[in-house]
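In what follows, a single structure is set out as structure tokens and then discussed.
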Amino acid sequence: MKKNMPFDSHVAEYETWYEEYPFVFQSEVEALRQMLPEGDRLTGIEVGLGTGQFSKALGIKEGVEPSPAMRT
């Protein structure tokens with residue numbers, strides 16, 4: 001694995017995006033939501049979940065993130 005991953009040094013900029021573009025973020029969340037299967041008993045994980053903004057918005061409870069800095 002690379003020692004210097006881009007997201008390790010740009011966490012603040014990544015998080016700021018959600019504050020600066022809330023309508024774009026919500027639009028992307030809704031587009032993703034339409035692609036997810038429906039149901040109360042679904043299970044799965046998100047791979048590359050970043051800081052978890054999309055996971056939280058979509059109700060995803062488990063995931064993995066390779067960047068230690070993003071795992072806040």
Size-normalised alpha-carbon gyration radius of the chain, reference 2.2 N^0.38 Å: 1.20
Can you give me the accessible area per residue for the chain, using a 1.4 Å probe, in Å²? 81
Among Q53, Q26, Q34, determine the one that fluctuates most according to a GNM of the chain built with springs between C-alpha atoms less than 10 Å apart. Q34
Cleavage-rule hits (trypsin sites (Lys or Arg not before Pro)) in region 1-69: DSSP loop, at most 12 neighbouring Cβ within 10 angstrom: K2, K3, R41, K61
Before anything else, pin down the relative contact order of the chain: Cα pairs under 8 Å, at least 6 apart, normalised by residue count, whole percent. 37
With axes computed from alpha carbons, what is the tilt in degrees of helix 11-20 against the longest principal axis of the chain, rounded to the nearest 10 within 0 to 90? 50
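The values are calculated or read from the model by the stated rules, or taken from the named source; none is laboratory data. No experiment lies behind these values; they were computed from the predicted model shown. Cβ coordinates were reconstructed from backbone atoms using ideal geometry, including for glycine residues, and neighbour counts include every protein chain displayed. Just so you know, the surface numbers come from the protein's heavy atoms only, side chains and all, with ligands and any DNA or RNA stripped out. Shrake-Rupley method; radii C 1.70, N 1.55, O 1.52, S 1.80 Å.
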